[in-house]
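To start, the structure itself, in structure tokens.
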Amino acid sequence: GVAESLAPFDTRIVFRGTRAATLAGTNDRDLAVVIEFRDQTTLENWFNSDTYQALIPLRDRAADVVITTYEAD
């Protein structure tokens with residue numbers, strides 16, 4: 001359902017993969033997904049959309065998810 005929720009927001013899945021190694025520090029996450037949004041407002045509109053919000057209970061039952069946003073320098 002996440003891919004369908006992203007469709008109206010002109011996004012691009014940059015990377016999806018499994019952790020191969022942690023070279024410095026600690027990382028308890030095995031999977032990562034990087035999604036590119038046009039801007040922070042678009043990301044927040046997607047996150048708060050009815051479509052994505054409806055997926056959250058399923059997401060929370062299936063995985064321990066951390067969503068972090070970054071802005072390019």
*Report, by chain and number, residues whose modeled amide H sits under 5 Å from the one on residue 35, excluding near sequence neighbours (fewer than 5 apart, same chain).*
14
*Once phi is turned into ³J(HN,Hα) by the Karplus curve 6.51 cos²θ - 1.76 cosθ + 1.60 with θ = phi - 60°, what whole-Hz value does each residue of the range 40-52 show in order, with x for glycine and proline?*
4, 4, 5, 4, 5, 5, 4, 4, 8, 5, 4, 5, 6
*Over the chain, with every protein chain in place, what whole percent of the accessible area is carbon and sulfur at 1.4 Å, could you tell me?*
52
*Summing -39500 (n - 2.57) over the DSSP H runs of n ≥ 4 in the chain and dividing by its residue number, what mean residue ellipticity at 222 nm do you reach, to the nearest 500 deg cm²/dmol?*
-10000 deg cm²/dmol
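The values are calculated or read from the model by the stated rules, or taken from the named source; none is laboratory data. Predicted, not measured: the structure shown is a model, and the values here were computed from it. For accessibility, only protein heavy atoms count, side chains too; no ligands or nucleic acids. Shrake-Rupley method; radii C 1.70, N 1.55, O 1.52, S 1.80 Å.
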